[in-house]
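Report on the structure given below.
The values are calculated or read from the model by the stated rules, or taken from the named source; none is laboratory data. Quick caveat, the model's predicted, so the values are computed rather than measured. Because the Cβ atoms are built from the backbone with ideal geometry, glycine has one as well, and the counts that use them run over all protein chains shown.
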Amino acid sequence: MIRSDSRAVSITLNYTIAIGITTLLTTGLIIGAGGLLESQQERVARQQADEIGADVLSQADRLDRIHESTASSETTVQLEYPSRLVGSTYTISFQQRAGRFDAFSWTLRIKSQALTGDAIYPVPKSISVAESSARGTSPEMSKCQNGTIKFGGC
């Protein structure tokens, strides 16, 4: 009498199911951790941009006051910032807000691939700026004879 024995198939099937479930769970964890890492990088890049933006506006105000207190026709300062935002290069620029004539008609923009969108900061009306841009590492900011502040020389 020959009996069929299916016990070996049952063990192999259990192993295959266990490996499949483990693979699915591991893949889910890796994908979830990747999304968390991306959101952390965005948050860190945004914080760095906020610090740079606040400092640029502070330096522009300082440059404006220094220029008024001296008889110089042109005043220039060299700013020092990190070369990258979370591994990506960035540019800093003064841009006019299209169609806006309120207390903040100019903006300071920081553009980087590390940011989902540009970091935009209003420039107070008391600071006169001109459209200009510079790479983020060590931009030069100048107060020109015409009274405007811009990146680069006048």
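Which one is nearest to ILE110 (Cα to Cα), of the residues in the range 48-70 that are among the polar types (S, T, N, Q) and surrounded by 13 or more Cβ atoms within 10 Å (Cβ to Cβ)?
This residue is GLN48.
Number of residues in the range 115-133 that are part of a loop (DSSP other than H, G, I, E, B), of a type in the set (Gly, Ala, Ser) and over 22 Å from HIS67 (Cα atoms): the value is 1. The set of residues in the range 61-86 being under 13 Å from SER128 (Cα atoms) and either of a type in the set (Gly, Ala, Ser) or free of Cβ contacts under 8 Å to residues at least 40 places away in the same chain (or both) consists of ARG62, ARG65, GLU68. Residue count for the range 136-154 satisfying the condition of being within 13 Å of LEU79 (Cβ to Cβ) and modelled with pLDDT under 90: 4.
Looking at the range 60-87 only, could you name the residues that are modelled with pLDDT of 90 or more and assigned to a strand (DSSP E or B)? Across the range 60-87, the qualifying residue is only GLN78. Of all residues in the range 1-56, those being modelled with pLDDT of 80 or more and closer than 30 Å to TYR121 by Cα number 17.
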